[in-house]
Amino acid sequence: MSGTVHDDVVAFSAALPPSAALIGLDLGTRTIGVAVSDTMRQIASPLKTIKRKKFTQDAAELEALIAGRRIGGIVLGLPRNMDGSEGPRCQATRAFARNLAARSAVPIMFWDERLSTVAAERALLEADTSRKRRAEVIDHVAAGYILQGLLDRLAYLDRTAHE
C-alpha cells in the first residue's frame, strides 16, 4: 500500500482522486500543524496541532484524520533555507514523508514553506490574538498557509490547462 511522494505539482495533481479534500502539514520537531481543504480544493482551513510522540503514533493519528475526512492527498511543508538549499530539517521532513508513504496509499506533495510561519504570525497579530493563543494555533495556521499555497497553484494549473 505504498503512496507516492512528489516534488512536482503537475505529477501530484495527476495522482489525486477527483473531488477529494487535501490535508496540509507543518512538520515541526515537537508538533505537527494540520489544515484541511474543502473537496473543491479552494479553501484551506486550519484544523489542529498534534503534539509529536513517536512516528508510529503520529502516523496513526494522521491516518485516522485522513480516513475520517476522506483525504485524497497530503501536502507537507518543506522547510528550505532562505537561499533555497536543503538542510537537516528538510532531510527529516523527506524521511517522514517516505515513512508515511510506506503506510498509506495517499499521494504526498512537498511544498516550499519558507515564510509560512512568518505569514501566520503576522495574520494572528493583525487579528489581535493574544500571545498565549498564538502559541496554541501558530502551527496549524502555518499549515493552512502551506496548503493554501498549493491549492492556489493547483487552481492556476487547472485554469491554464483549460485556456
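None of the figures in this text is laboratory data; all of them are computed from the coordinates on show. Please read all numbers here as calculations on a predicted model, not as lab measurements. Cβ: placed from backbone, ideal geometry, glycine included. Neighbour counts: every protein chain shown.
Within a 10 angstrom radius of the beta carbon, how do 76, 100 rank from fewest other beta carbons to most? Write down the numbers at each step before the final one.
Working: 76 26, 100 22.
In increasing order of surrounding Cβ atoms, one gets 100, 76.
Can you give me the distance in nm between label points at residue 20 and residue 57, each placed 7 Å from the Cα along the Cα-to-Cβ direction?
It works out to 2.8 nm between the two label points.
Mind ranking 84-93, 46-55 by how tightly packed they are, going by the mean number of other C-beta atoms within 10 angstrom, highest first? Provide the component values of the computation, followed by the final result.
Working: 84-93: 12.3, 46-55: 15.6.
Taking the mean over residues of other Cβ atoms within 10 Å, the ranking is 46-55, 84-93.
Within the chain, what percent of beta bridges assigned by DSSP are antiparallel, to the nearest 5? Present the calculation step by step, with values, prior to reporting the outcome.
On the way: 12 of 24 bridges.
Approximately 50 percent, going by the DSSP bridge assignments.
With 10 angstrom as the radius, rank 5, 10, 36 by how many other C-beta atoms surround their C-beta, starting from the fewest. Write down the numbers at each step before the final one.
Details: 5 18, 10 12, 36 22.
Fewest-to-most Cβ neighbours within 10 Å comes out as 10, 5, 36.
7 Å from Cα along Cα→Cβ at both residue 127 and residue 95: what's the point-to-point distance in nm?
The two pseudo-label positions are separated by 3.4 nm.
To the nearest 500 deg cm²/dmol, what mean residue ellipticity at 222 nm is calculated for the chain from DSSP H runs of n ≥ 4 alone, each contributing -39,500 (n - 2.57), summed and divided by the residues?
Details: 5 runs with 79 residues, N = 163.
Calculated mean residue ellipticity at 222 nm is -16000 deg cm²/dmol.
Apply the membrane-span-like helix rule to the chain: whole DSSP H runs, Cα extent along the own long axis of at least 24 Å, mean Kyte-Doolittle hydropathy at least -0.5. List the helices found.
Details: long enough: 131-161 (44 Å, -0.19).
Both cut-offs are met by 131-161.
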